[in-house]
Amino acid sequence: DQQVKQNSPSLSVQEGRISILNCDYTNSMFDYFLWYKKYPAEGPTFLISISSIKDKNEDGRFTVFLNKSAKHLSLHIVPSQPGDSAVYFCAGTNAGGTSYGKLTFGQGTILTVHP
Amino acid sequence: GAGVSQTPSNKVTEKGKYVELRCDPISGHTALYWYRQSLGQGPEFLIYFQGTGAADDSGLPNDRFFAVRPEGSVSTLKIQRTERGDSAVYLCASSLSGSAGELFFGEGSRLTVL
């Protein structure tokens with residue numbers, strides 16, 4: 001049972017354009033969502049998060065949108081830069097639970113930003 | 001060091017052997033997590049420590065897997081009678097207690113079981 005799904009294995013965009021990465025979840029207990037970025041041979045690094053009490057969170061070029069009714073979230077990167085090329089993972093958790101670091105990850109989306 | 005340190009970075013072993021993977025978390029982080037990432041998949045939760053105790057081990061796949069954190073800092077993931085299906089990157093992460101979900105990951109230990 002894949003509780004967090006990233007249906008696009010890869011995405012290719014031109015430098016300067018917008019990148020939109022999508023994520024769907026099925027677990028209604030999730031109330032906190034995170035995006036992680038991973039470069040080859042490195043561990044994932046935290047990018048941005050959003051609580052279920054919000055529908056948008058913005059940090060510089062990165063914005064995460066949450067649609068609770070659709071159980072869908074998306075990460076927007078604008079403008080995209082070649083250094084953004086990496087694997088992006090979406091994750092959900094129950095922040096109100098006792099194991100809030102117990103993240104459920106999606107399969108990841110490989111983003112390639114072309115100069 | 002400033003980050004989460006994992007050793008070894010690579011481990012090749014034969015089916016049936018015993019393996020230990022070590023994690024040194026960020027100083028002061030009381031929460032420590034082990035995840036496993038198979039090829040083409042996202043990280044999968046294995047176990048969570050708060051201090052010295054395993055607060056949640058629901059992700060350990062079977063009793064061949066065991067983890068300890070005797071002094072509340074360094075942790076060791078132990079795998080007995082390794083199988084080819086155990087081949088994966090084992091990721092360790094740490095966080096300050098109370099920081100919901102924002103984990104700091106190490107670079108991982110790549111385990112290959114021949």
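What follows draws every value from the coordinates through simple rules; no lab data is involved. None of the values given here were measured: they were computed from a predicted structure. Glycine gets a Cβ as well: all are built from the backbone with ideal geometry, and neighbour counts include every protein chain shown.
Kirkwood hydrodynamic radius, the protein assembly as shown, all distinct C-alpha pairs: what's the number in Å?
Mean inverse Cα-Cα distance, inverted, gives 18.0 Å.
Under 18 Å Cα to Cα from B:Lys15, which aspartates and glutamates show up? Leave out anything in the same chain fewer than 8 places away.
Cross-link targets: B:Asp63, B:Glu83, B:Asp86.
Holding the Cα-Cα limit at 18 Å, pick out from A:Lys38/B:Lys78; A:Lys37/B:Lys78; A:Lys5/A:Lys68; A:Lys5/A:Lys54; A:Lys5/B:Lys78 the pairs that are longer than that.
A:Lys38/B:Lys78; A:Lys37/B:Lys78; A:Lys5/A:Lys54; A:Lys5/B:Lys78
Relative contact order (percent) for the stretch B:5-94, with alpha-carbon contacts under 8 angstrom and 6 or more residues of separation?
It comes to 37 percent, rounded to a whole number.
Calculate the dipole size of the protein assembly as shown relative to its Cα centre from +1 charges on Lys and Arg beta carbons and -1 charges on Asp and Glu beta carbons; express the result in debye to the nearest 20.
320
Taking the Cα centre of chain A as origin, sum charge times position over the Cβ atoms of Lys and Arg (+1) and Asp and Glu (-1), and report the length of that vector in debye to the nearest 20.
It comes to approximately 100 debye.
For a test of the definition: using alpha carbon positions, the gyration tensor, and the 1.5 limit on a/c, classify chain B as rounded, prolate or oblate.
Verdict is prolate for chain B.
The stretch B:1-57: which chymotrypsin sites (Phe, Trp or Tyr not before Pro) are DSSP loop and have at most 11 other beta-carbon atoms within 10 angstrom?
Hits after loop and neighbour filter: B:Tyr18.
Please report, in debye to the nearest 20, how large the charge dipole of the stretch B:5-94 is about its Cα centre when each Lys and Arg carries +1 at its beta carbon and each Asp and Glu carries -1 there.
280
At most 15 other Cβ atoms within 10 Å and a DSSP loop assignment: could you name the GluC sites (Glu not before Pro) in the stretch A:6-115 that fit?
Here the sparse-neighbourhood loop sites are A:Glu15, A:Glu42.
For chain A, what's the relative contact order in percent, using C-alpha pairs closer than 8 Å and at least 6 residues apart?
Normalised by residue count, the contact order of chain A is 37 percent.
Using alpha carbons only, how many angstrom separate the centre of the stretch A:1-64 from the centre of the stretch B:27-46?
17
What FRET efficiency comes out for B:Arg81 versus B:Ser5 if R0 is 35 angstrom and r is the Cβ-Cβ distance? Round to the nearest 0.05.
Using R0 = 35 Å, I get an efficiency of 0.80.
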